[in-house]
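Participant: Structure below; questions to follow.
The values are calculated or read from the model by the stated rules, or taken from the named source; none is laboratory data. The model shown is predicted, which means the values in this text are computed figures rather than measured ones. Neighbour counts are summed over all protein chains in view; Cβ atoms, including those assigned to glycine, are modelled from backbone coordinates with ideal geometry.
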Amino acid sequence: MDMIQTDKLLAMIASASNHLQNNRGYINDLNIFPVPDGDTGTNMGMTFGAASRITLAEGENEGAGRVLDILAKAALRNARGNSGVILSQILRGLATAVQGKDVLDVKAIKNAACEARDTAYRAVMKPTEGTILTVVRETAEYADAHVSEFTDATEFMQALLGAAKESLAKTPDILPVLKQAGVVDAGGMGVVTLLEGATLALSGNPVALQDGEEAIQKTEGPVSVTTEEIKFLYCTEFLIQKAPERKTTQFRAAIQSKGDCMLVIEDDEVVKVHIHTNHPGYVIEQALKLGELTNLKIDNMKYQHEEKIQTQEGAAPSERKKYGFVAVSAGAGLSEVFTGIGVDAVVEGGQTMNPSTQDLLNAVQKIHAETVFIFPNNKNIILAAEQVPELADCKVVVIPTKNIPQGISAMLAFDEGADVDENKEAMTEMMQAVTCGQITFAARNSSVDGLKIKKGDIMGMVGSTIRTLGKDLNQVAEELVDGMLNDESGVISIYYGAETDEETAKALQQTLAEKYDYLDVSLIYGGQPVYYYFLAVE
């Protein structure tokens with residue numbers, strides 16, 4: 001009976017990552033719409049690439065179940081875009097099913113496939129068939145139905161790969177938009193590519209990184225935050241070896257008021273504790289009530305960062321402020337707008353580079369607030385943002401803004417005197433009152449909703465719907481705005497991008513101001529890439 005041991009599993013992970021990196025450009029090209037974003041292959045590649053590097057570094061002496069646990073946790077923290085978050089949940093399901101196992105037999109592989117399916121579907125509020133979810137589901141269904149026919153893990157994995165490819169080939173029959181574009185689902189292709197790379201390694205033919213390709217490195221998006229003074233001097237970390245029946249509830253309550261940045265993460269045997277405190281002795285005394293301590297580390301943060309503190313200009317609040325704000329933005333002008341209206345941290349990212357969950361978490365942690373609101377400002381970043389609340393040491397509220405104008409309007413709705421729920425409701429309501437149009441270019445020839453699109457055409461879009469098409473930038477923009485207006489419209493805001501010169505943008509403003517003299521038409525430099533204009537109607 002052939003089974004998967006740790007060395008084989010690590011080889012499978014490395015091969016799968018290399019195969020995905022080698023094919024990420026092809027996967028990007030499967031995107032249905034001709035917008036120059038190239039998200040899916042890049043996002044899945046960055047998510048799995050970062051997770052695989054961590055796993056290969058830490059998993060050599062671990063059992064197979066623990067290896068997958070490391071992979072899943074690293075993928076969650078490095079997840080980028082919707083496809084990356086869904087991939088992290090697939091990996092989370094795999095890890096959950098084989099927890100504690102040193103080797104994987106065919107039954108364990110079957111259980112992992114089924115749990116991966118269930119976890120992925122639970123992660124998506126409104127699952128769409130004909131996507132990555134369908135490929136995972138049908139592969140799991142095959143595993144469940146045919147596991148009794150196999151005893152060899154390699155043969156079983158090859159059979160699952162065949163089932164995944166068959167499922168992927170059917171995605172255009174499920175989603176008409178895929179058939180219209182003549183492609184299979186990009187996310188599904190990403191899963192098949194990973195599975196194929198893993199299976200090749202298991203068969204003794206691991207995939208190497210191609211010349212000219214680089215393993216995608218995890219990058220932390222630049223974050224603009226105010227400096228802060230250290231209130232709690234001692235960064236205190238340790239592990240508690242506890243008995244399974246002992247609970248951490250009283251311990252958490254006892255130390256919570258003694259510091260900040262508190263994390264108490266437990267499993268059946270170990271509790272990982274991290275806290276910034278002025279009373280490490282008290283924290284340790286309370287911990288000893290649970291069990292023995294190991295890996296104890298206490299650092300004086302003020303001493304460590306003395307040089308940095310001395311060079312800071314001005315004094316930052318020593319206590320947590322009530323509210324903080326994180327916004328995702330691409331473009332110097334847009335970032336300046338967000339900073340000007342009160343956003344504490346701007347994380348660089350957007351359509352061409354989705355920040356990871358970890359990037360957003362880092363921004364949240366640096367703000368030092370009791371409650372932090374996140375504005376993703378892109379539909380492909382919302383899922384990554386929604387993973388932050390379970391990782392942060394403060395309350396995090398995600399306002400599901402899908403574009404920059406929505407994020408700006410939502411931020412302007414904030415009321416210092418209102419509570420969290422009232423602000424969330426007001427921000428969401430204001431966000432929904434904004435209609436955002438986008439002007440960009442077609443990155444490839446395509447056929448969408450009956451439109452024959454040629455590479456280089458100027459496209460006017462609202463959401464993912466192409467409303468206008470042409471060759472003249474301002475004419476397309478004017479036509480798009482005309483279709484966005486209604487009887488309640490009062491303001492048109494033009495945010496012009498890095499590839500649009502100021503003279504052209506002012507000409508559009510003048511045209512719209514003359515045509516709609518009863519509306520307020522404003523022009524703001526955004527500096528965003530990819531999009532010539534963001535056009536907001538409120």
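Participant: Can you say whether Ala385 is touching a Leu at 6+ places or on another chain (Cβ under 6 Å), modelled with pLDDT of 90 or more and surrounded by 24 or more Cβ atoms within 10 Å (Cβ to Cβ), as far as the supplied structure shows? Give the steps one after another, and end with the answer.
Facilitator: Working: touching a Leu at 6+ places or on another chain (Cβ under 6 Å): yes; modelled with pLDDT of 90 or more: yes; surrounded by 24 or more Cβ atoms within 10 Å (Cβ to Cβ): yes.
So Ala385 passes the test.
Participant: Please tell me if Val183 is modelled with pLDDT of 95 or more, in the same structural domain as Phe48 (by TED's automatic domain parsing) and closer than 23 Å to Asn43 by Cα.
Facilitator: So Val183 does not fit the description; no.
Participant: Of the residues Gly333, Gly340, which is out of contact with any strand residue (DSSP E or B) (no Cβ under 9 Å at 6 or more places or on another chain) and either outside the structural domain of Ile275 (by TED's automatic domain parsing) or basic (Lys, Arg) (or both)?
Facilitator: Gly340
Participant: State whether the residues of segment 455-469 include one that is assigned to a strand (DSSP E or B), at pLDDT below 90 and either touching a Pro at 6+ places or on another chain (Cβ under 6 Å) or at positive phi (or both).
Facilitator: No.
Participant: Now for a separate question. Only one of these is buried (at least 20 other Cβ atoms within 10 Å of the Cβ), modelled with pLDDT of 90 or more, out of contact with any Leu (no Cβ under 6 Å at 6 or more places or on another chain) and in the same structural domain as Thr371 (by TED's automatic domain parsing): Thr428, Thr440, Thr401. Name it.
Facilitator: Thr401
Participant: Output the residue which, of all residues in segment 487-538 that are more than 21 Å from Asp472 (Cβ to Cβ) and without any contact (Cβ under 8 Å) to a residue 40 or more places away in the chain, is nearest to the chain's Cα centre (by Cα).
Facilitator: Within segment 487-538, the match that is nearest to the chain's Cα centre (by Cα) is Ser522.
Participant: Mind checking which residues of segment 365-376 are among the hydrophobic types (A, V, I, L, M, F, W, C) and more than 14 Å from the chain's Cα centre (by Cα)?
Facilitator: Residues of segment 365-376 among the hydrophobic types (A, V, I, L, M, F, W, C): 367, 369, 372-375.
Those that are among the hydrophobic types (A, V, I, L, M, F, W, C) and more than 14 Å from the chain's Cα centre (by Cα): Ile367, Ala369, Val372, Phe373.
Participant: Filter segment 369-400 down to the residues that are in a loop (DSSP other than H, G, I, E, B) and closer than 22 Å to Lys322 by Cα and list them by number. Step through it out loud before you land on a result.
Facilitator: In the first step, residues of segment 369-400 are kept if they are in a loop (DSSP other than H, G, I, E, B); the result is 376-381, 386-387, 391-394, 399-400.
Within segment 369-400, Pro376, Glu386, Gln387, Leu391, Ala392, Asp393, Cys394, Ile399, Pro400 meet the criteria.
Participant: Which members of segment 514-528 meet the condition of being farther than 19 Å from Gln438 by Cα and either among the hydrophobic types (A, V, I, L, M, F, W, C) or assigned to a helix (DSSP H, G or I) (or both)?
Facilitator: Glu514, Lys515, Leu519
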